[in-house]
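Structure record follows, encoded as structure tokens.
The values are calculated or read from the model by the stated rules, or taken from the named source; none is laboratory data. Being a predicted model, the structure only gives us computed values, none of them experimental. Note that each Cβ is placed from the backbone with ideal geometry, even for glycine, and that neighbours are counted across all protein chains shown.
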């Protein structure tokens, strides 16, 4: 599987790892996903994350910051194989990306203005003068610098 990057500002979000075995024949393959927590030296099976066939995937629904840097791998077994085959481990990376807002000055009597941040996703906060959708009201904010 490949590493997966999740932005903390987009919580909760999903992260999906996939792997494809190149066994011949691919029939009879059984797979099981494993996880290695940060600081651990061993992998443990993930309950319910198993199946059959060459294509293996796992989706982590509602990722959290506590899952940052955990490693995931899949183990393939078969009646035709002498030993299990382990995939390379993939890392779940969670980045705390702070949105960048290009600020400009407003007059206190200006009408409400839409504020746009990059990257997209997340919500705005700042009291009663900005809505969660990014509508800034200078009349409610009053005179001063607002963060």
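Structure summary
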quantity: Scope region 1-39; condition at pLDDT 85 or above, within 26 Å of residue 62 (Cβ to Cβ) and not in a strand (DSSP E or B); matching residues; calculated: 37, 38, 39
quantity: Single residue of region 49-70 satisfying the filter (farther than 15 Å from residue 16 by Cβ and in a strand (DSSP E or B)) that is nearest to the chain's Cα centre (by Cα); calculated: 50
quantity: Selection from region 108-147 of residues that are part of a strand (DSSP E or B) and modelled with pLDDT under 70; calculated: 117, 118
quantity: Evaluation of residue 103 against (1) under 24 Å from residue 59 (Cβ atoms); (2) modelled with pLDDT under 75 (one fails), failing number; calculated: (1)
quantity: Region 53-68, subset exposed (fewer than 13 other Cβ atoms within 10 Å of the Cβ) and touching a strand residue (DSSP E or B) at 6+ places or on another chain (Cβ under 7 Å), residue nearest to residue 14 (Cα to Cα); calculated: 59
quantity: Among the candidates 76, 86, 72, residue that is surrounded by fewer than 13 Cβ atoms within 10 Å (Cβ to Cβ), within 30 Å of residue 40 (Cβ to Cβ) and at pLDDT 90 or above; calculated: 86
quantity: Subset of region 32-48 that is touching a residue at least 12 places away in the same chain (Cβ under 8 Å) and under 20 Å from residue 18 (Cβ atoms) - its residue that is surrounded by the fewest Cβ atoms within 10 Å (Cβ to Cβ); calculated: 45
